[in-house]
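To start, the structure itself, in structure tokens.
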Amino acid sequence: MKPERGFALPTILIASIVLMMLLAVAMRVSSSIKDSIYDLYYNQLAIAARDAGIAYAGGCLDLGAGKPTWDSAGDGGADALTPANNCAGTAISGASTYLVNTSTVRTTFSVPRTPVDSGGYATQIRATGTVQLLNSAGVVYRTISQPTPPALGSVTRYAVTTLAGSGSAGSANGTGTGATFNTPWGVVWGTDGNLYESDVYAHLIRKITPAGVVTTFAGNGTAGHVDATGTSAQFNEPELSSNLDASGNMYVMDVGSNYIRKITPAGVVTTFAGNGTAGSTNGATPTTSSFNNPRSIVFDSVGNAFIVDQNNQQIRKITPAGVVSQFAGGGSAGGKATGHADGTGVAATFYTPDAIVIDTDDNLYITDRTNNEIRKITPAGVVTTLAGQTTAGEVDGVGGSAKFNAPIGMVFHNGYLYVSELSGNNIRRVSLTGVVTTIAGGGSVGGSSAGSANGTNQAATFKQPVGLTFDDSGNMYVGDSGNFLVRKITLQY
């Protein structure tokens, strides 16, 4: 018996050691999974931060004096959590720190108690896995759901359906297929939880509820340039940008008259920039400056506006003080040269630039349509090619090995660029390192077939898809211009 007892003890020890090793490995695996969840969560924070006009860089929210407050339960309590992600070395103190706590991520931020920003908005993060944006009265005006991380090894599915439109050109209001559109182009998700769409040849801005109820939000259907409220306003071939400003205002590129219009959430339409004459003059004010076929606009973290001035082959900049300048493209100061030269500022060239978006570090991204490329511009104006080549095609890959076919629309969401192809009839996803993947459209893998078939991933078809936007739950919406439809893409696991 003694030999048996003497043998049993080492076995228990060995088993314990093995168990501890397995637990250590599991903890390391769990840590890597958590790291990916942190990345996802901070991307969502970045989106919410940009909506609220807060600077975000390097995983850190700029919550200085006078900035909005991030809160979890509203109790002001602070715990020593790992990892702690504090901005600029700010100290954790119970008097000024609110706890950010979800079922998957915990961290703390030192923030002021006074929830005030330039727009009078506060922000609050609840422990329920959602981001809630509150106004100064404490009323929630937008809720952003945290996406559930997929199981390891799962296959991502993008289910394409039709939200609204009959497939025939028109401007009839109605529900779902009972409504008609006349070349739906730009789309943007509003702060009120509704989708907004620009009907280019109906000269209207339409509102679509999540249930597919379509109404006219602004414009009277007659081409013109009238600043007014709602249906008293007039547009001339309007194209909605997929980007809002920090106050939730929408922007319309009035392509037919070279104006850039602003629409408040209440439907008040004003002229933001342009004098109605095609040109490239940097005037004393935005409205005395001229543009030539403006296509898209986006705002950086300090309020500068960047506009794609397509026929001038330039990216124009308007400062918060109203100073207009040529930021990049054109080949030279005042130039309008076409090409695909990388370079700094005006030395770079584009060829039919279209959509513009911005990431959380204030880098700009452009769909360079005729070049079939996605271009990147740093805050210092350095232009590079992120993905694509001048030869058109439908090839997934990395950087210059990938091919696009007339990339036109684009939206930035959760750390990725999503791109629509006017001629390729596909929706592509591009990582910020240039990895290109086709997620929907084309009718088959590598295809570019036009159609209106609903389905999953590349079994679905589009016809000249243009505008892209995401709602607060991670659903994508597409202005399917050639089909006169508004489509919805739902992420499935």
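With 27 Å as the limit, the listed pairs Lys207/Lys317; Lys376/Lys403; Lys403/Lys488 have Lys207/Lys317 beyond it between alpha carbons.
Per-residue surface analysis assigns Tyr477 an accessible area of about 10 Å², computed on protein heavy atoms at 1.4 Å probe radius. For segment 369-450, the alpha carbon convex hull comes to 82 Å³ per residue, rounded to a whole number. Annotation: amide H-H contacts under 5 Å for Ser444 (H modelled 1.01 Å from N, sequence separation of 5 or more, or interchain): Ser449. Electrostatic bookkeeping for Ile315 treats Lys and Arg as +1 and Asp and Glu as -1; over the other residues with beta carbon under 15 Å from its beta carbon, the sum is 0.
The gain in end-to-end length when the Ser232 to Thr391 segment is fully stretched comes to 52.7 nm, 0.36 nm per residue minus the alpha carbon separation. When Glu394, Glu421 are compared by accessible surface with a 1.4 Å probe, the order from highest to lowest is Glu394, Glu421.
Can you sort Ser420, Ser301 by 1.4 Å-probe accessible area, starting with the largest? Could the numbers behind the result be given before it?
On the way: Ser420 0, Ser301 40 Å².
Correct descending sequence by accessible area is Ser301, Ser420.
So what is the relative contact order for segment 185-334, in percent, with contacts set as C-alpha pairs under 8 Å and at least six apart? Don't skip to the answer; put the middle values down first.
On the way: 423 pairs, mean separation 20.7, N = 150.
About 14 percent, as a whole number.
In order along segment 282-298, the phi-based Karplus estimate (6.51 cos²θ - 1.76 cosθ + 1.60, θ = phi - 60°) of 3J(HN,Hα) comes to 8, x, 5, 9, x, 7, 9, 8, 10, 10, 10, 6, x, 10, 6, 9, 8 Hz; Gly and Pro are listed as x.
Only Cα pairs under 8 Å and 6+ residues apart enter the sum, and on that basis the relative contact order of segment 184-243 stands at 32 percent. The solvent-accessible area of Arg369, taken with every protein chain present and a 1.4 Å probe, is close to 50 Å².
For segment 256-344, the Stokes-Einstein estimate of translational diffusion at 25 °C and a viscosity of 0.890 mPa s comes to 185 µm²/s, using the Kirkwood hydrodynamic radius over alpha-carbon pairs. For segment 188-199, backbone phi angles converted through the Karplus equation (6.51, -1.76, 1.60; θ = phi - 60°) give residue-by-residue couplings of 8, 8, x, 5, 8, x, 10, 8, 10, 9, 9, 9 Hz, Gly and Pro being listed as x. Each residue of segment 336-350 was assigned a 3J(HN,Hα) from its phi angle through the Karplus expression (A = 6.51, B = -1.76, C = 1.60, θ = phi - 60°), giving 9, 6, 9, x, 9, 6, 6, x, 10, x, 6, 6, 6, 10, 10 Hz with x at Gly and Pro.
The values are calculated or read from the model by the stated rules, or taken from the named source; none is laboratory data. The structure presented is a predicted model; accordingly, all values stated were derived computationally and were not measured. All Cβ positions, even for glycine, are placed from backbone atoms using ideal geometry, and neighbour counts span all protein chains on display. In case anyone asks, the SASA skips ligands and DNA or RNA and just uses the protein heavy atoms, side chains included. Shrake-Rupley method; radii C 1.70, N 1.55, O 1.52, S 1.80 Å.
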